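K.L.:
Dropping the structure in here first, questions after.
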Amino acid sequence: MNRSPLYLFILFCITSLLFSCKSETGQSETLAQDGILHIRKKRDANKLHPYIYPSPSARDVYQYIFPQLADFDPVTLELIPVLIKAIPEEVKITEGPNAGSIKFTLEYLSEAKWDDGKDVTARDYIFSVKAAKNIKVKAGGYRSHLQFISDIVIDPNNPKKFDVIFSKDYLLAKETVCTIETYPAHIYDPKGLTTNLSLTDVGDENILNEIIAQDSTIMQWADDMNGIKYGREIVNSCGPYKLSEWVTDEYIILERKENYWAGGSKNPFLVAGPKQIIFDILPDETTAITQLKDGNMDLVPAVTGATFSNLQKEENTYNYLTPRLTKYYIIALNNDSPELSDKSVRKALGHLVDVENIIKSIDFGNGSRTVGPIHPGKKYYNTKLSPIAYDVNKAKSILSDAGWKDSNNDGTIDKVIGGNLTELILDMYVSQGKLGQQIALLMKEATEGTGIKINIIQKPFKQIQSEHIDKKDFDMTPMVIGQDLILDDPYTRWHSDHTKVGGRNIYGFENEEMDRITKEIQISNDPSIRNKLYARVQEILYEEQPVIFLYAPSERMVASDRWNITSTARRPGYMANTFTLK
């Protein structure tokens, strides 16, 4: 593993210090405070910018820099205050210009401060919401959740207290106001370029374009927010850790803040445990396990089933953790490609994935079949739908009935689409992850004899993301979709509003009924009605098969016995800031 000279020198000095600080009894007095925690990451984070890049690969890191106003307790999984004094209650507004709306009153902790000593205030919250709602900022995922926030009113007697007003009684209104990250306005907008922009201005493309035409610096600010400046060069919030060093595709180092405003806090999201948390970027699992055995690694998450099983048999000195996270595996399909725009092809492909065998032989039984995007552990999972069965003959029959034939006898089935003879040849992009590679190989093997040709193309995931997924230039790719503990809001991933480049509906799936239902879910207050809508969402996706839903896995993590480590159902399955050395 290559390291910069500065990194190695710092590591040597700190390690020397750790083992020289002994008490008269020979026990270390400072290990718990000065420990260096090494965590393996499969891939780099690209940017540490919650609004712009809320990818799991980044979230694993930035959660220690950007705390939310409230978060889900790692043990009880209940929403608890973090930066605010209390979880707000919904209040219906019955009078005045906002009659018919709802509001939540929040107040930041009096002691909450930014790194430069300035108070965290309502103005920072307003800036953060305006930044996410700004259509020139690439924050589509966040923006959809914030769409119903119509106004934010600061208490005239307390700059830390404010009301957040929703124009509609949105399904996730309380979670929305509480579970977003706050950015320091004076750092992310030092010139105050967004100060005079209203929430309406930033969300209206025509109005915003007119404003930018008169002041181009606002567009420059948006470009900075989307780019490297505020994604790597300036990464700042009020969490217990700060970004210390970042070498692309090698490591990310977070360092515990000195004189931290929440020092000594028992809140799990504000605890500052290890002196450094080092995320080592190691795509190869074998290398990561070797580093663990050599004592250079403390935690290896997302271990493959075979490795996890073998280690349990061979080594009893490690901690083996299996939290059940809310995530699921899919094979993403590009519904805009000519071949996959045909629902019959998508359905046939679903019958060519032996998911039960994958769970049994590759994941060693650590998984539950799923028929759609609702996690099978949730109460409104549609148990009436049976998972798609592995059936090669069924797949061939579906394709034949849909008119796919080998008309030119070249071994590949074809069909005239849009006046052009189209061969059923699909490119499947896979990263270095073993599971994705194995799924691709099994699927390619299953298609032999069906007339479908699958080309497996291996690239780093970052490259697949930027060159193919983001540009809608792909046919298929295995993916993992992470979910939060809150109620599902299918709008952002399955509504046609989000099919354009940059949206979360990367599959290009469009369905009028789905559009209507996902909107209804957002404003539904009746759980029984909402659960019926959830059931229908799953039925539509089951029928249309815009992606191939595989299964929901249990997480597998292997940890050294140097640390007191506990797992949690919160993503990513652990909270590194709470770890203590034994």
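K.L.:
Give Lys42/Lys113; Lys130/Lys471; Lys168/Lys257; Lys229/Lys275 a once-over and call out the pairs whose C-alpha atoms are over 29 Å from each other. Kindly include the intermediate steps, with their values, before the conclusion.
P.N.:
Details: Lys42/Lys113 33 Å; Lys130/Lys471 26 Å; Lys168/Lys257 40 Å; Lys229/Lys275 26 Å.
In this structure, Lys42/Lys113; Lys168/Lys257 lie more than 29 Å apart at Cα.
K.L.:
Right, something else. Hey, fewest Cβ within 10 Å first, where do Ser237, Ser55, Ser167 land in order?
P.N.:
So the ranking, lowest neighbour count to highest, is Ser167, Ser55, Ser237.
K.L.:
Is it possible to state the helix-based mean residue ellipticity at 222 nm for the chain, with each DSSP H run of 4+ residues giving -39500 (n - 2.57), the sum divided by total residues, to the nearest 500 deg cm²/dmol? What is it? Numbers along the way, then the final one.
P.N.:
Working: 19 runs with 168 residues, N = 582.
Calculated at 222 nm, the ellipticity per residue is -8000 deg cm²/dmol.
K.L.:
Are any of the pairs Lys160/Lys266; Lys92/Lys174; Lys138/Lys532; Lys327/Lys379 more than 24 Å apart by Cα-Cα distance, and if so, which?
P.N.:
Values: Lys160/Lys266 22 Å; Lys92/Lys174 13 Å; Lys138/Lys532 33 Å; Lys327/Lys379 15 Å.
Violating the 24 Å Cα-Cα cut-off are Lys138/Lys532.
K.L.:
Compute the Kirkwood hydrodynamic radius of the range 70-207, taking the inverse of the mean of 1/r over all pairs of distinct Cα atoms, and give it in Å to one decimal.
P.N.:
Radius from the Kirkwood sum: 15.7 Å.
K.L.:
Tell me, Tyr64, Tyr53 in order of fewest to most beta-carbon neighbours within 10 Å?
P.N.:
Details: Tyr64 24, Tyr53 19.
Ascending number of Cβ neighbours within 10 Å: Tyr53, Tyr64.
K.L.:
So for the chain, taking the charge dipole from beta-carbon charges (+1 Lys/Arg, -1 Asp/Glu), which of Thr383, Ala446, Pro74 sits furthest toward the positive end?
P.N.:
The Cα lying farthest towards the positive end belongs to Pro74.
K.L.:
Still on this structure: Is the C-alpha gyration tensor of the range 128-214 telling us rounded, prolate or oblate? Criteria: a/c under 1.5 is rounded; beyond that, a/b larger than b/c is prolate, otherwise oblate.
P.N.:
Working: a/c = 1.62, a/b = 1.20, b/c = 1.36.
Since a/c reaches 1.5 but b/c is at least a/b, the shape of the range 128-214 is classed as oblate.
K.L.:
I need the shape label for the range 276-358. Rule: rounded when a/c is under 1.5, else prolate if a/b > b/c, else oblate, with a, b, c from the alpha carbon gyration tensor.
P.N.:
Values: a/c = 3.23, a/b = 2.26, b/c = 1.43.
Because a/c hits 1.5 or more and a/b exceeds b/c, the range 276-358 counts as prolate.
K.L.:
Also, I was wondering about something else. Quick one: His495, His38, fewest Cβ neighbours within 10 Å first, how do they rank?
P.N.:
On the way: His495 24, His38 21.
With the fewest neighbours first, His495, His38 line up as His38, His495.
K.L.:
For a Förster distance of 35 Å, can you work out the FRET efficiency between the beta-carbons of Leu77 and Leu421, rounded to the nearest 0.05?
P.N.:
Working: r = 54 Å, r/R0 = 1.55.
Step by step, r from the Cβ atoms, then E = 0.05.
K.L.:
Report, as a whole number in µm² per second, the diffusion coefficient that Stokes-Einstein gives for the range 327-553 at 25 °C and 0.890 mPa s using the Kirkwood radius over alpha carbon pairs.
P.N.:
Numbers: Rh = 18.2 Å.
The Stokes-Einstein estimate is 135 µm²/s.
K.L.:
Also: With only Lys, Arg, Asp and Glu charged, each at its Cβ (+1 for the first two, -1 for the last two), find how big the charge dipole of the range 327-553 is about the Cα centre; round to the nearest 20 debye. Don't skip to the end; give the middle numbers.
P.N.:
On the way: 28 positive and 32 negative charges, 133 e Å.
Here the size comes out at about 640 debye.
K.L.:
Roughly what % antiparallel, to the nearest 5, for the DSSP beta bridges in the chain? Kindly include the intermediate steps, with their values, before the conclusion.
P.N.:
Working: 58 of 72 bridges.
Bridges in the chain are about 80 percent antiparallel.
K.L.:
Given the Cα-Cα distance of Asp119 and Ala213 and 0.36 nm per residue of separation, how much length would full extension add, in nm? Mind dumping the intermediate values first?
P.N.:
Working: separation 94, 0.36 × 94 = 33.84 nm, distance 3.40 nm.
Extending this stretch completely gives an extra 30.4 nm.
K.L.:
Could you give the semi-axes, largest first, of the ellipsoid that matches the chain, computed as the square roots of 5 times the alpha carbon gyration tensor eigenvalues and rounded to whole Å?
P.N.:
Whole-Å semi-axes of the equivalent ellipsoid: 39, 33, 22.
K.L.:
For the range 191-344, treating each Cα as an identical point scatterer without solvent, what Debye log10 I(q)/I(0) comes out at q = 0.17 1/Å?
P.N.:
Evaluating at q = 0.17 Å⁻¹ gives log10 I(q)/I(0) of -1.13.
K.L.:
Looking at the chain, do any whole DSSP H helices span at least 15 angstrom along their long axis by alpha carbon and average 1.0 or above on Kyte-Doolittle, and which?
P.N.:
Working: long enough: 5-20 (22 Å, 2.11); 122-133 (16 Å, -0.08); 434-447 (20 Å, 0.14); 512-522 (16 Å, -1.43); 527-544 (25 Å, -0.71).
Span-like helices here: 5-20.
K.L.:
If I model a spin label as a point 7 Å beyond the Cα along the Cα-Cβ vector, how far apart are those points for Ser386 and Ile135 in nm?
P.N.:
4.7 nm
K.L.:
Would you mind getting me the FRET efficiency between Asp204 and Ala86? Use the beta-carbon distance for r and R0 = 30 Å, nearest 0.05.
P.N.:
Details: r = 34 Å, r/R0 = 1.13.
FRET efficiency, Asp204 to Ala86: 0.35.
K.L.:
Taking the Cα centroid of the range 374-400 and of the range 65-108, what is the distance between the two, rounded to the nearest whole Å?
P.N.:
So the separation of the two Cα centres works out to 39 Å.
K.L.:
Oh, and also: Excluding residues on the same chain fewer than 8 positions from Lys396, give the lysines whose Cα lies under 29 Å from its Cα.
P.N.:
Counting by Cα, and skipping residues close in sequence, Lys396 has these lysines nearby: Lys343, Lys347, Lys360, Lys384, Lys405, Lys415, Lys434, Lys444, Lys453, Lys472.
K.L.:
Calculate the translational D of the range 204-261 in whole µm² s⁻¹ from Stokes-Einstein, where the hydrodynamic radius comes from the Kirkwood formula applied to all Cα pairs, the temperature is 37 °C and the viscosity 0.692 mPa s. List each step's numbers first, then the result.
P.N.:
On the way: Rh = 14.1 Å.
It comes out at roughly 233 µm²/s.
K.L.:
For labels at Leu441 and Lys378 in the simple 7 Å Cα→Cβ model, what's the distance in nm?
P.N.:
For the pair Leu441/Lys378, the computed spacing is 3.4 nm.
K.L.:
Continuing with the same structure: Compute the distance in nm between two label points, each set 7 Å from the Cα along the Cα-to-Cβ direction, one at Asp401 and one at His186.
P.N.:
6.8 nm
K.L.:
At a threshold of 8 angstrom on Cα-Cα distance, excluding pairs fewer than six apart, so keeping six or more, what relative contact order does the range 327-553 reach in percent?
P.N.:
Working: 383 pairs, mean separation 78.4, N = 227.
Value for the range 327-553: 35 percent.
Computed from the coordinates by the stated procedures, all read-outs in this text should not be read as laboratory data. From a predicted model like this one, the values you see are computed outputs, not experimental measurements. Don't worry about glycine lacking a Cβ; one is built from the backbone with ideal geometry, like all the others, and counts go over all protein chains shown.
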